[in-house]
1. What residue, of 143, 90, is buried (at least 18 other Cβ atoms within 10 Å of the Cβ) and modelled with pLDDT of 90 or more?
2. Can you tell me how many residues within the range 118-139 are more than 13 Å from residue 89 (Cα to Cα) and under 15 Å from the mean Cα position of the chain (by Cα)?
3. Given 101, 87, which one is over 14 Å from the mean Cα position of the chain (by Cα) and not assigned by TED's automatic domain parsing to the domain that holds residue 10?
4. Kindly establish whether residue 44 is exposed (fewer than 15 other Cβ atoms within 10 Å of the Cβ) and either modelled with pLDDT of 60 or more or out of contact with any Cys (no Cβ under 7 Å at 6 or more places or on another chain) (or both).
5. Across the range 118-143, what is the number of residues that are closer than 21 Å to residue 46 by Cα and either of a type outside the set (D, E, K, R) or touching a Cys at 6+ places or on another chain (Cβ under 7 Å) (or both)?
6. Take residue 147 and tell me if it is closer than 17 Å to residue 86 by Cα and either outside any helix (DSSP H, G or I) or not aromatic (Phe, Trp, Tyr) (or both).
Amino acid sequence: MEEKFYTIYQVADLLGMHHKTIRKFIAEGKLGAAKAGKQWRISDNDLSAFMENSNVKAEEKIEGNTSLDFTTKTMDAAKTRINVSTVIDIDDIDKNQYMRVSNTLIASMNSKDLIFQGSTLNVKYYESESRLKILLWGSVKFIEEMLDMVTMLVESV
């Protein structure tokens, strides 16, 4: 299976951060990356490790884009051997739908259910494009639950 690599700009977009912030994380050793010529490349594994070990909060964009980041604390009983990351892109979604989806996902993350423990949720809404991007990191069961929830919320409209 071929590993996927991201540019600094792609990671910045995924996390809702400025590319200079991503460069700073690389320089500080917080985010693993490899040089390919003159450019940095970040592997899926390095991005997942960064998300697992980071309490970095995404910044809110001024241009009308909204970004939310939510990480649950890891409890001993919630540690898993396998963690997964996924990105969900939803097109043609208005601000009210975005709010409903993000509020429901955050409420789920706040539950006491162990499948949500040690997981990360990043939600970014591009108002000018009516597009929602959801970045998830956690156990396979967590990803499965969140995908089911997003499907139910988006397809019920």
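1. On the way: 90 fails: buried (at least 18 other Cβ atoms within 10 Å of the Cβ).
Sole residue among the options that is buried (at least 18 other Cβ atoms within 10 Å of the Cβ) and modelled with pLDDT of 90 or more: 143.
2. First, the residues of the range 118-139 that are more than 13 Å from residue 89 (Cα to Cα): 118-121, 127-128, 137-139.
Going one step further and asking which of them are under 15 Å from the mean Cα position of the chain (by Cα), we end up with 118-121, 137-139.
Of the residues in that region, 7 qualify.
3. The unique qualifying residue is 101.
4. For residue 44, the condition - exposed (fewer than 15 other Cβ atoms within 10 Å of the Cβ) and either modelled with pLDDT of 60 or more or out of contact with any Cys (no Cβ under 7 Å at 6 or more places or on another chain) (or both) - is met.
5. Of the residues in the range 118-143, 15 are closer than 21 Å to residue 46 by Cα and either of a type outside the set (D, E, K, R) or touching a Cys at 6+ places or on another chain (Cβ under 7 Å) (or both).
6. Details: closer than 17 Å to residue 86 by Cα: yes; either outside any helix (DSSP H, G or I) or not aromatic (Phe, Trp, Tyr) (or both): yes.
Yes, satisfied.
The values are calculated or read from the model by the stated rules, or taken from the named source; none is laboratory data. Bear in mind the structure is a predicted one, so any value in this text is a computation, not a measurement. So basically every Cβ, Gly included, is an ideal-geometry build from the backbone, and we count neighbours across all protein chains shown.
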